[in-house]
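One structure is given below, encoded as structure tokens.
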Amino acid sequence: QVQLVESGGGLVQPGGSLRLSCAASGSIFSIYHMRWYRQAPGKQRELVAAITSGGSTNYADSVKGRFTISRDNAPNTVLLQMNSLKPEDTAVYYCNSRIVGTMSPSAFDYWGLGTQVTVSS
């Protein structure tokens, strides 16, 4: 069984920073990519940032230059550093990963339960 657990959300003032963490655990053979999505109330879930197994990254236009996705030193852990936060960044942030487990040669998408980020004065 594979699990993704997010942490690091909270309340921050506009212009502030937060760092989110996503740790994948369980019977993992390999990870294709790790991604951060977000969903604001009344809106569709959108891709925020992604990092491949090779280290390539991409970002939504709305967060370019403000957010940075990177791999942590801890195994199977990805970080999302969010700077210059705006009220419109308020959302539940979800970690997503495509993982090949040790019990099957097939890759599956896994999701975390999400962490709330609120940007407000």
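The values are calculated or read from the model by the stated rules, or taken from the named source; none is laboratory data. Computed from a predicted model, the values in this text were never measured in an experiment. Every residue, glycine among them, receives a Cβ derived from its backbone with ideal geometry; neighbour counts consider all protein chains shown. What goes into the accessible areas is simple: the full protein's heavy atoms, side chains included, and nothing from ligands, DNA or RNA. Shrake-Rupley method; radii C 1.70, N 1.55, O 1.52, S 1.80 Å.
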Here the residues within region 81-112 that are in contact with a Phe, Trp or Tyr (Cβ under 8 Å, 6 or more places away or on another chain) and either assigned to a loop (DSSP other than H, G, I, E, B) or on the phi > 0 side of the Ramachandran plot (or both) are N83, T102, G112
- Looking at this structure, is V12 on the phi < 0 side of the Ramachandran plot, of a type outside the set (D, E) and either open to solvent by less than 40 Å² (accessible area, probe 1.4 Å) or touching an Asp or Glu at 6+ places or on another chain (Cβ under 7 Å) (or both)? yes
Matching residues in region 71-97 (modelled with pLDDT under 95 and farther than 23 Å from D109 by Cα) number 0
Those residues of region 11-45 that are of a type in the set (S, T, N, Q) and modelled with pLDDT of 95 or more come to a total of 5
Taking region 22-77 and keeping residues among the charged types (D, E, K, R) and exposed (fewer than 12 other Cβ atoms within 10 Å of the Cβ) leaves K43, D61, K64
